[in-house]
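**Student:** The structure's right below; bear with me while I get my questions together.
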Amino acid sequence: MKRILTALALLAATTTSSFAQDDDAFVTFKVLKPEVARVAAVAAMESCREQGYQVGVMVVDRFGIPQVYVRDRFAGLHVFETARRKAWTAVSFRTSTLDLATITAPGEMMAGIRELSEPLALGGGLMIEAAGSIVAGIGVSGAPGPDIDERCAQDGIDAILDDIAF
């Protein structure tokens with residue numbers, strides 16, 4: 001009988017603590033350090049440069065707030081805004097902007113997203129995920145195609161994989 005009471009007490013204690021966490025007034029989350037975000041941005045820019053393209057790269061935190069921006073010497077003036085919006089869109093809609101371009105095409109059910117002022121359904125924006133959570137977004141703009149922008153963004157993420165694997 002004593003063992004049963006001890007087991008029940010232990011069960012109640014562990015159940016209560018998990019419920020207590022649910023009732024906590026705070027949440028915790030992870031975001032990239034600026035130094036890591038910079039490594040991703042520079043790696044993405046250099047990837048495009050090696051292919052002969054001049055781009056701008058923006059890394060935003062999980063909330064879409066800019067952390068790092070780098071721009072190659074001859075990248076166009078528009079790349080700041082488009083890279084920022086691509087990164088913001090990826091974290092906001094939790095999908096790559098190349099995929100978002102497909103599901104928001106004219107005639108598709110989600111086409112109305114293109115009517116909003118901030119989202120940019122144009123490839124080159126990706127989420128940066130670690131341990132199942134979004135920790136940042138990266139947007140690349142300036143290559144001659146959105147698929148190339150996205151490949152460079154992925155190269156930026158690949159450059160920090162060892163830093164964010166936990």
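The values are calculated or read from the model by the stated rules, or taken from the named source; none is laboratory data. None of the values given here were measured: they were computed from a predicted structure. Positions of Cβ are backbone-derived with ideal geometry, glycine not excepted, and every protein chain shown enters the neighbour counts. The protein model used for the area step is the full one, side chains on, heavy atoms only, and it has no ligands, DNA or RNA in it. Shrake-Rupley method; radii C 1.70, N 1.55, O 1.52, S 1.80 Å.
**Student:** Select from region 39-77 the residues that are under 13 Å from G156 (Cα atoms), small (G, A, S) and under 16 Å from the mean Cα position of the chain (by Cα) and write down the one among them that is most open to solvent (accessible area, probe 1.4 Å).
**Tutor:** A43
**Student:** Among the numbered criteria (1) in contact with a Pro (Cβ under 8 Å, 6 or more places away or on another chain); (2) free of Cβ contacts under 8 Å to residues at least 24 places away in the same chain; (3) among the aliphatic types (A, V, I, L, M), which single criterion is violated by M110?
**Tutor:** Here M110 meets the rest and fails (1).
**Student:** State whether one or more residues within region 151-161 are within 22 Å of V31 (Cα to Cα), open to solvent by less than 30 Å² (accessible area, probe 1.4 Å) and out of contact with any helix residue (DSSP H, G or I) (no Cβ under 8 Å at 6 or more places or on another chain).
**Tutor:** No, there is no match, as no residue in region 151-161 is within 22 Å of V31 (Cα to Cα), open to solvent by less than 30 Å² (accessible area, probe 1.4 Å) and out of contact with any helix residue (DSSP H, G or I) (no Cβ under 8 Å at 6 or more places or on another chain).
**Student:** Continuing with this model, one more query. Scan region 106-126 and give yes if some residue there is among the charged types (D, E, K, R) and crowded, with 17+ Cβ neighbours inside 10 Å, otherwise no.
**Tutor:** No: region 106-126 contains no residue that is among the charged types (D, E, K, R) and crowded, with 17+ Cβ neighbours inside 10 Å.
**Student:** Taking interchain pairs and intrachain pairs at least six residues apart, which have beta carbon atoms under 9 angstrom, with the first residue in region 59-88 and on the phi > 0 side of the Ramachandran plot and the second of a type outside the set (K, R) and open to solvent by 30 Å² or more (accessible area, probe 1.4 Å)?
**Tutor:** Taking only residues 6 or more apart or on different chains, the pairs are G64/W88; G64/S92; G64/E118.
**Student:** If you don't mind, another one. Please verify whether A165 is at pLDDT below 95, at positive phi and either open to solvent by 20 Å² or more (accessible area, probe 1.4 Å) or over 10 Å from the mean Cα position of the chain (by Cα) (or both), treating the condition exactly as stated.
**Tutor:** no
**Student:** How about region 134-149: which of its residues are open to solvent by less than 40 Å² (accessible area, probe 1.4 Å) and either in a helix (DSSP H, G or I) or modelled with pLDDT under 95 (or both)?
**Tutor:** I148, D149 - these are the residues of region 134-149 that are open to solvent by less than 40 Å² (accessible area, probe 1.4 Å) and either in a helix (DSSP H, G or I) or modelled with pLDDT under 95 (or both).
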